[in-house]
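Computed from the coordinates by the stated procedures, all read-outs in this text should not be read as laboratory data. Keep in mind the model is a prediction, meaning the values are calculated, not measured. Here the Cβ positions follow ideal geometry from the backbone for every residue, glycine too, while neighbour counts run over all protein chains shown.
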Amino acid sequence: ETVLRGTSSGERPQVHPAHAHSLTMLALTAVLALEGYARGGVAYSRSSSAYVARPSRTSAIEAKLRVAVVGGGPSGACAAEILAQEPNIETFLLERKLDNAKPCGGAIPLCMIDEFQLPPEIVDRKVRKMKMISPSNREVDIGQTLGADEYIGMCRREVMDGYLRDRAQKLGANVINGLVTKVDVPADVSPSGGRYTIHYTNYAGEGAAGEPGTLEVDMIIGADGANSRVAKAIDAGEYNYAIAFQERIKISDEKMAFYEDLAEMYVGDDVSPDFYGWVFPKYDHVGVGTGTVVNRPAIKEYQDAIRARAGEKIAGGKIIKVEAHPIPEHMRPRRVKGRVALVGDAAGYVTKCSGEGIYFAAKSGRMAAEAMVRLMKGGSRLPSEKEIIQEYIKPYDKLYGPTYTVLDILQKVFYSSNGAREAFVEMCESEYVQKVTFDSYLYKRVQGNNPVEDIKLLFTTVGSLLRGNALVSPDKTFSNPVEAKKRL
């Protein structure tokens, strides 16, 4: 079992040195990094009257306990769904844009479809093949190890998020079409302390400007993304973030046929100095994008480069939507404070190297809500910060902490230079690498542990790195001292 450290206060876990040999196998999950960040689409409208603030709670529990979930993406909707099923908890789900199309590559692992009971119509495309393209334009096709019923689901976030919110609302969650502007934290955040006051602008009416509203609650789940107002209210700390940029491009039916069940991943300092570029198939178009942390001012240059690399395959296409969004690069220093817990992007649950976030958002939202329901014991009590960390943060970190750590290491090793990127693509030719990678991504279980193959892979990695550095030119230098000062 992997030994985790530094999780008592919600800090990021570290992998015990004795398990360093497993890093290579876990790292390979990045090959199926089908989650860049960029989205678009279908409208979902909700009408919801403003909720009037109640007097502050006294020492005795009054009626139902109130929980607000701020943010209606996968993390917030999955949290609200769990809370809404508890009869003695009054659940509120606040989302500013009910037709929101958050920028995202839109890939979900196969296990998520069953685990979260997603219907078939949520999946636009079933990707069974992936093409990796190196800095020298060497192409490696991946996917021959997949079974006939295995695939990566490609979805549009506006469709999936709308479905998950609908489901939570049908189970009893009160959906508010509102933008949270401020959260007042009580002086005493212990279980016997006062209520949190949420200030928001309600957009349920006819006016475009919206109307001010307030909501008093006993607990909050912050699922409001990378720029979380909930996180700021509880002083959860800052994190580095990437900028992801994507264009949705409508191409001809003939060109679209090429991407029927295929996704492409491009690496090279021309498309990103520390990430990758992608072409992901959607319902009737492709998402073409890239991202970077270290040189965010040049994001449009990198976007031009990924379009150029895709070349004739998307030539003549019409850009139907342009999207950009911040992506957290690591977990926040604090993910629980008082009776507030952060989930999804607000907590920083996006993997380095791959940029995968949808599954971890949904899973963290569900785990946080399940922990709260257990601790609230039928709505008869409020939990302490220590209890929430014990029931939510520690189990989450035990399940996924090593994956975050390993992919962080992988990004530093394989995305640091064109030579390393070239080696990364070469390694993907191995059938063993492909099987371990797909199985790890699709089922969120660590695969491999074949000592003979692992040793072979170690030597292959060293050889690939040496060859890669000899084959390609060094990365171009860039300087952005003002931007660099903003990074932690």
How big is the convex hull of the Cα atoms of the range 200-250, per residue, in Å³?
158
Taking amide H positions as placed 1.01 Å from N in the peptide plane, with prolines and chain starts having none, which residues 5 or more places from Lys321, or on another chain, fall under 5 Å of its amide H?
Arg248
Read phi for every residue in the range 172-186 and hand back ³J(HN,Hα) as whole Hz from Karplus 6.51 cos²θ - 1.76 cosθ + 1.60, θ = phi - 60°, with x for Gly and Pro.
x, 5, 8, 8, 10, 7, x, 9, 6, 10, 6, 10, 8, 9, x
Starting from the Cα of Lys435, draw a straight line to each of the aspartates and glutamates and keep only those under 17 Å, dropping any in the same chain fewer than 8 residues away.
Asp141, Asp149, Glu150, Glu426, Glu453, Asp454
Given the pairs Lys255/Lys318; Lys126/Lys363; Lys282/Lys321; Lys255/Lys282; Lys126/Lys255; Lys363/Lys394, which span a C-alpha to C-alpha distance of over 19 angstrom in this model?
Lys126/Lys363
Mind checking which aspartates and glutamates have their C-alpha under 13 Å from Lys398, skipping anything on the same chain fewer than 8 residues away?
Glu1, Glu11
With charges set only on the Cβ (+1 for Lys and Arg, -1 for Asp and Glu), what does the dipole of the range 318-434 come to about its Cα centre, in debye to the nearest 20?
840
Treating only Lys and Arg (+1) and Asp and Glu (-1) as charged, each at its beta carbon, one finds that the range 208-301 has a dipole about its Cα centre, in Debye to the nearest 20, of 220
Per residue, the convex hull enclosing the Cα atoms of the range 140-233 spans a volume in Å³ of 222
